[in-house]
Amino acid sequence: MLVLVRKQSARILWMIGDYVSMVFDVFFSALKSPPSWPLVREQMYFIGVMSLSVVAITGFTTGFVLAAQSFYQLGEKGLSGVTGVLVAKAMITELGPILTAFMVTGRVGSSMCAELGSMKVTEQIDAMKSMAINPNAYLVAPRFIAGISMIPLLTLFSTIMGIFGGYLIAVYLFNLSPSSYFDPMHLHITLFDVATGCIKAFIFGVLLVTVCCYKGMKTTGGAAGVGRATTQSVVTSYILILLSDFFLTMALNMIHQELKYDWMKNV
Amino acid sequence: MIRVRNLWKRYGTNDVLRGLSLDANRGEILVILGRSGVGKSVLLRHIIGIEKPDKGTIEVEGVQITSLKKNEIYEAVKNMGMLFQGSALFDSMNIEENTSFYLKQHGDPKTGKPFPAAVIEHKVREALAMVGLEGTEKKMPSDLSGGMRKRAALARLIVYRPSILLYDEPTTGLDPITAQQINELIVQIQSELKGTSIVVTHDINSALFIADRLALHQEGQIIHVAEPKKFLNIDDPTIHFLKETFKIKESHK
């Protein structure tokens, strides 16, 4: 049993090291010789434009549900006026980044992993290496650049759709006035909230693209292996996104509190 | 010139290469014979730097591949090429894009600048004509037969005229006519490029047709190397078996 635990721990540690080494290789190779624009553009289109509809629907329906729940839960306590703030705050700081990352992982991450995995098992990646081309630079770097630029934009879009969805429900279904939905946002939505959402979206983008590409590049075992790697890439990305969300929330709030305290001291 | 010394590689508990040593000279085709699964392809993957050995050294044209860092390996293998068993054409690209891939990525080694589009087009057409695949430029790999895919992979290899050519089971799974076409192409490419070629196969007919020297790979080592005629006279049960097979095939002709 102990031997098994030791072996598994060693395997996981080796995998983390290998993953980190791939991320560094992608980062530095992209810095040294940036991937060609057509490759990046193709990935931007695939990740960004092709995900717009799914991200819009997710944000929109989440906004519906949030507005309805807030109205029912808070209305009887006379707090229906905070519906807009609640929807906006939840969408900007949590649900926008998380749900976008989940949807992009499901739609794009799995596809990236399957594509790279199938290239790996059919020796196409080895063929690339035999032609003196670093597959991390040619295949992963364009996906990485496209991912970290498109995922925050998709998150922003999803957040706006969520707030708009919440607005439709609050105003047209629950007869809240538009000003009572939007006005409190100016007071309660801070730059910190927006920064939190942006930082989370960026980190989730880095995680989901690198994890899915890593799993794809390390695929073994033919068609069954591609299926296995794809499932693992999605599950691992989801877990890492959720875990990192918690740690980011804690860290960002602690930094925010610290900054606020310093500012008040100076005043 | 390729010089392999005391190469060891283990996968799990299986020692695939056990102190393998081998020399391949410039201008010759060295054919490595051996049963499936003895590590012939693994040897080629080590020579071209895709895999790292546990122990031992590989020297290619004076450069020790085994002591290089990952990024240095890419530079060192620029003058090498490998034909993969399953062709390994990029299935998201058409045949023209596959064939021009190396040229577009690396540009002109003399000037360090990208090749003009017309030069690339000319080189691609020339390479495809050499393997008899004119007119397939816009086809996708999935539209081609196994033999055509192999020839397209050969075109992708010869288009940049590497001085070291590695062929992994070039005729496996092909009908005798297509296999013979591939054999003739390998000989033709060798006579044009005059590089160092290593062919891994278990097809004795193919081996005898193309080889300048034959090597027998067994239990992770090269146990015999000789010119074809001398090779067939070596007193070894595997060579006796191969000779018998060849005789049977000859008697059928």
Hey, B:L30 surrounded by 16 or more Cβ atoms within 10 Å (Cβ to Cβ), hydrophobic (A, V, I, L, M, F, W, C) and either modelled with pLDDT under 95 or part of a helix (DSSP H, G or I) (or both) or not: no
Matching option when the condition is β-branched (V, I, T), closer than 24 Å to B:L128 by Cβ and surrounded by 20 or more Cβ atoms within 10 Å (Cβ to Cβ), among B:I198, B:I189: B:I189
Listing of helices (runs of 4 or more DSSP H) fully contained in the stretch A:89-197 that carry 2 or more residues being under 26 Å from the mean Cα position of the chain (by Cα) and closer than 30 Å to B:K150 by Cα: A:110-121, A:141-168
Given (1) within 21 Å of B:L44 (Cβ to Cβ); (2) at pLDDT 95 or above, number of the condition B:T99 does not satisfy: (1)
Residue in the stretch B:209-226 that is in a helix (DSSP H, G or I) and of a type in the set (A, V, I, L, M) present: yes
Filter result (within 17 Å of the chain's Cα centre (by Cα) and within 7 Å of another protein chain (Cβ to nearest Cβ)) within the stretch B:50-79: B:I50, B:V77, B:K78
Residues located in the stretch B:87-105, provided they are more than 21 Å from the chain's Cα centre (by Cα) and within 11 Å of chain A (Cβ to nearest Cβ): B:S92, B:M93, B:K104, B:Q105
Of the criteria (1) at pLDDT 90 or above; (2) closer than 28 Å to A:V65 by Cβ; (3) in contact with a helix residue (DSSP H, G or I) (Cβ under 9 Å, 6 or more places away or on another chain), which one A:L187 fails: (1)
Residue match in the stretch B:140-163 (condition: aliphatic (A, V, I, L, M), at pLDDT 90 or above, within 28 Å of B:A76 (Cβ to Cβ) and in a strand (DSSP E or B)): no
Residues that are polar (S, T, N, Q) and surrounded by 13 or more Cβ atoms within 10 Å (Cβ to Cβ), drawn from the stretch B:104-130: B:Q105
Some residue of the stretch A:110-128 being surrounded by 23 or more Cβ atoms within 10 Å (Cβ to Cβ) and more than 14 Å from chain B (Cβ to nearest Cβ): yes
Among the residues listed as B:R45, B:R26, the single one being among the basic types (K, R) and more than 9 Å from chain A (Cβ to nearest Cβ): B:R26
Exclusive hit being within 21 Å of B:R5 (Cβ to Cβ) and at pLDDT 90 or above, set B:E121, B:E134, B:E126, B:E61: B:E61
Residue within the stretch A:64-82 that is touching a Phe, Trp or Tyr at 6+ places or on another chain (Cβ under 7 Å), over 24 Å from A:S110 (Cβ atoms), modelled with pLDDT under 95 and assigned to a helix (DSSP H, G or I) present: yes
Failed condition for A:G106, given (1) buried (at least 17 other Cβ atoms within 10 Å of the Cβ); (2) of a type outside the set (V, I, T); (3) more than 30 Å from A:P178 (Cα to Cα): (1)
B:I164 of a type in the set (A, V, I, L, M), within 14 Å of another protein chain (Cβ to nearest Cβ), out of contact with any Leu (no Cβ under 9 Å at 6 or more places or on another chain) and within 28 Å of B:R125 (Cβ to Cβ): yes
Considering residues of the stretch B:202-227 that are at pLDDT below 90 and more than 20 Å from B:R18 (Cβ to Cβ) only, the residue surrounded by the most Cβ atoms within 10 Å (Cβ to Cβ): B:S206
Selection count, the stretch B:131-148, where residues are within 14 Å of another protein chain (Cβ to nearest Cβ) and surrounded by fewer than 18 Cβ atoms within 10 Å (Cβ to Cβ): 3
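The values are calculated or read from the model by the stated rules, or taken from the named source; none is laboratory data. Remember, predicted model here, so these are calculated numbers, not experimental data. Cβ coordinates were reconstructed from backbone atoms using ideal geometry, including for glycine residues, and neighbour counts include every protein chain displayed.
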